[in-house]
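Structure record follows, encoded as structure tokens.
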Amino acid sequence: MVHEILVWPNPVLKQKAHPVAKVDDELRQLIKDMFESMYAADGVGLAAPQIGVLKNVIVLDTTPRQPDSHPVAMVNPEILTLEGKCLYKEGCLSVPGEAEDVERAAIVTARYLDEHGDSKTITADGLLAIAIQHECDHLKGVMFVDHISALKREVIRKRMKKIQATIEEDRAEEAAAAKPEKKKARSEAR
Ligand SMILES: [Zn+2]
């Protein structure tokens with residue numbers, strides 16, 4: 001099921017996610033939903049808090065840019081080592097239409113549980129390394145905009161507020177348009 005992705009500065013995105021105690025069917029369904037939501041939004045990574053679920057789960061798929069990588073779901077990911085530095089223009093599904101340079105480590109080694117609950121270790125570079133750091137940040141309530149200047153962040157915050165207002169207006173219009181339909185359907189049924 002495709003879920004709505006929360007738009008920053010939604011307060012849920014500022015909260016810390018919690019460790020997953022058990023990798024079960026319910027969690028596997030969450031992972032499936034997260035992949036579907038990420039693909040529907042044309043993203044390369046998604047963290048559970050972005051769909052309002054405060055659990056330590058991230059999904060990644062950088063294969064369009066890194067053909068030798070593969071889609072991966074990480075439960076309770078933990079960054080073990082960070083090496084080197086790189087600058088990359090990052091975007092985020094929760095900050096639509098925005099991209100800013102963020103400095104990250106170039107190579108990441110992380111430990112996580114896969115969708116079967118098995119412990120795995122991954123060493124990644126390129127976009128996957130950046131995406132792992134970006135998504136792990138989400139689990140701590142940190143956004144990529146927290147890594148840029150306060151001035152740029154405030155400009156983006158204003159644009160996001162406008163987007164949010166448009167979304168709410170559209171919803172109100174849809175709700176208003178839906179009401180007479182229901183009444184009509186009821187009178188026809190009589
Ligand atoms: Zn993000």
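For segment 57-82, a residue qualifies if it is assigned to a loop (DSSP other than H, G, I, E, B), crowded, with 20+ Cβ neighbours inside 10 Å and away from the ligand (no atom under 15 Å from the Cβ), and exactly one does: Ser69. Residues satisfying the criterion are present in segment 29-37 (criterion: within 13 Å of the ligand (Cβ to nearest atom) and either assigned to a helix (DSSP H, G or I) or modelled with pLDDT under 95 (or both)).
Within segment 76-113, being basic (Lys, Arg) and under 20 Å from the mean Cα position of the chain (by Cα) holds for Lys89, Arg104, Arg111. Within segment 142-168, being charged (D, E, K, R) and out of contact with any strand residue (DSSP E or B) (no Cβ under 7 Å at 6 or more places or on another chain) holds for Asp146, Arg153, Glu154, Arg157, Lys158, Arg159, Lys161, Lys162, Glu168.
Being part of a strand (DSSP E or B) and in contact (Cβ under 8 Å) with a residue 40 or more places away in the chain is the filter here, so list the residues in segment 38-56 that pass it. Once the filter is applied, which keeps residues that are part of a strand (DSSP E or B) and in contact (Cβ under 8 Å) with a residue 40 or more places away in the chain, segment 38-56 yields Gly45, Leu46, Ala47. Scanning segment 83-118 for residues that are over 19 Å from Met143 (Cβ atoms) and either of a type in the set (A, V, I, L, M) or not in a strand (DSSP E or B) (or both) gives Gly84, Lys85, Ala106, Ile107, Ala110, Leu113, Asp114, Glu115, His116, Gly117, Asp118.
The values are calculated or read from the model by the stated rules, or taken from the named source; none is laboratory data. The structure displayed is predicted, hence computed values, not measured ones. Every residue, glycine among them, receives a Cβ derived from its backbone with ideal geometry; neighbour counts consider all protein chains shown.
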